[in-house]
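No value in this document is a laboratory result; all are computed from the given coordinates. The structure displayed is predicted, hence computed values, not measured ones. Cβ atoms come from the backbone with ideal geometry, glycine included; neighbour counts cover every protein chain shown.
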Amino acid sequence: MNKIFSTMALALASALPTMAAREATVTLLPSEESPVIVKEIYGQFAEHLGTCIYGGLWVGEDSPIPNTNGYRNDVLNALKELHIPVLRWPGGCFADEYHWMDGIGPKENRPRMVNNNWGGTVEDNSFGTHDFFNLCEMLGCEPYLSGNVGSGTVEELAKWVEYITAEDGPMANLRKQNGREKPWHLKYLGVGNESWGCGGTFTPEYYANVYRRYQTYCRNFNGNHLYKIASGASDYDYNWTEVMMRDAGHHMNGLSLHYYTVLGWSGSKGSALNFNDEDYYWTLGKCLEVGDVVKRHCEIMDKYDPKKRVGLMVDEWGTWFDEEPGTVPGHLYQQNTLRDAMVAALSLNTFHTFTDRVKMTNIAQIANVLQAMVLTKDDQMVLTPTYYVFKMYVPHQDAKLIPLNVATPVIPARQNRTVPVVSATASQKDNVTTISLVNTDLNEQTTVTVNLSGIKAGKITGEILTADKMNAYNDFGQPENVTLKPFTKGWQVKGDKLTVTLPAKSIVTLSLR
Ligand code: AHR
């Protein structure tokens, strides 16, 4: 624990002398030129998978669970607090088997369908296009549609765009018949999902051509302007990015990337709740590797697009563990602990440093699936530790990044990974400086000296997320184990230095005015 890990936002390197363990230094490097942390980095993802939509977001108007036009009130109210900028739907793998026309018109006439990707569950299509766009309006977020390329036709996707965005014509008339007079605004359109796998098992060369064809017919109606996103690589598949940029780069606005914090794609993924210290550090190390992976994809994109016109959209990320015992196989329901909160904070800190190329990220998923914000059971809801990180980080949305230099000890993890004891991010908006600090150490507190570099700290308020155990979680009947608490005593300012004592395994956000 006496090695020094030095990380830097925006290319500035420095060598720092060795320092005692459990002390770290964060130097703020404010700059007029630094970019804004685009709020879309805080995007969410809702798939027809398990109880994400049905039961999680949507219960239908006739449900005894309190709802507004079919949307759960408790979940809606909780999600509004997160200021969600963008919501991706209807998949994931589901998107490439979804036929949107089955989800419009009178609900009683809609055909049922088998969700082949996710447990073979039969659904009634009662949540469709109108319900999704209404939800986005209620949450005040941009919709991000994932179009069916794998099993759908060019015509089907073209007509979906027309149905949603045209003022006049046959599709607009159909929409009007179904109760929506005005077109909706649609910016983000995904042309397929995981086209190398569940979205069609294409080669990159073949998909690049298919992408070019599909996107041609997705038109801009009546002043609506589509931001077209091609299906991108998973993890370390740099060749996919290379071929897509080479063969289709000029026809896209964004290219996606999926990166999960997962043990592997076959066999056990480990328990979300029962894990040891080594597993904890391995998980954090694997999560942090997203920084290297994004960097390499960005380097390839830079080669073909040096002006950074095409955004890299990390439209699926988060932890993926074994499903909770006793839950429906294929529904990807997992619990969420303080370890997941750490993954959320470390990932967001990392994404902040790539905001010149990474234009959106979407954690998987918003409710009841993988690293969820909320978990529901009948009429009960709990907010997860991950939810609280997203809540705590709201001030970073659309704030100006403050580049920083972090000098911290590191903790070794399995498979030659290392985890910095301290991870940090900082930003500024409306004369408020927000600094988020993470102490990953399971047992020791860490004293962090923040060099303020002239930034005002006349008044400071803070919040902390921590718990007594690394696998503490919120559950039905005991929902308040891991929640945000005021952080009032752990800091002091002397001149241009702010000293913060971070308790073991904690995430702290300070607001400086
Ligand atoms: O988020 C769950 C699944 O993970 C998505 O449907 C798919 O795109 C990815 O493999």
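Couple of notes before you dig in:
- For the stretch 71-169, convex hull volume per residue from C-alpha positions, Å³: 122
- Compared with the direct C-alpha span, the chain from Lys429 to Asn116 gains 108.1 nm at full extension, assuming 0.36 nm per residue.
- Over the stretch 301-355, the alpha carbon radius of gyration divided by the compact-protein estimate 2.2 N^0.38 Å works out to 1.63.
- Shown here for the stretch 18-121: trypsin sites (Lys or Arg not before Pro) in loop regions (DSSP other than H, G, I, E, B) with at most 12 other Cβ atoms within 10 Å, namely Arg112.
- Debye equation applied to the C-alpha atoms of the stretch 373-438, log10 I(q)/I(0) at 0.15, 0.21 Å⁻¹: -0.71, -0.92
- In a reduced charge model with +1 at each Lys and Arg Cβ and -1 at each Asp and Glu Cβ, the chain shows a dipole moment near 1540 debye about its Cα centre.
- Overall form of the stretch 199-346 per C-alpha gyration tensor (a/c, 1.5; a/b vs b/c): prolate
- Distance between the stretch 173-188 and the stretch 347-393 - C-alpha centres, whole angstrom: 29
- Scaling the Cα radius of gyration of the chain by the globular reference 2.2 N^0.38 Å produces a ratio of 0.96.
- Considering helices alone, the calculated mean residue ellipticity of the chain at 222 nm is -6500 deg cm²/dmol, with DSSP H runs of length four and up weighted by -39500 (n - 2.57) and normalised per residue.
- If you plug the beta carbon distance of Glu324 and Asn73 into 1/(1 + (r/R0)^6) with R0 = 30 Å, you get a FRET efficiency near 0.75.
- Estimated D of the stretch 433-513 in µm² per second, where Rh is the Kirkwood radius over Cα pairs and Stokes-Einstein applies at 37 °C, 0.692 mPa s: 243
- Column: log10 I(q)/I(0), Debye, Cα scatterers of the stretch 352-502, q = 0.16 Å⁻¹: -1.11
- The stretch 282-325 and the stretch 54-78: distance between their alpha carbon centers, rounded to Å: 33
- Distances between placed amide hydrogens fall under 5 Å for Val450 paired with Val26, Leu498, Thr499, Val500, all partners being 5 or more residues away or on another chain.
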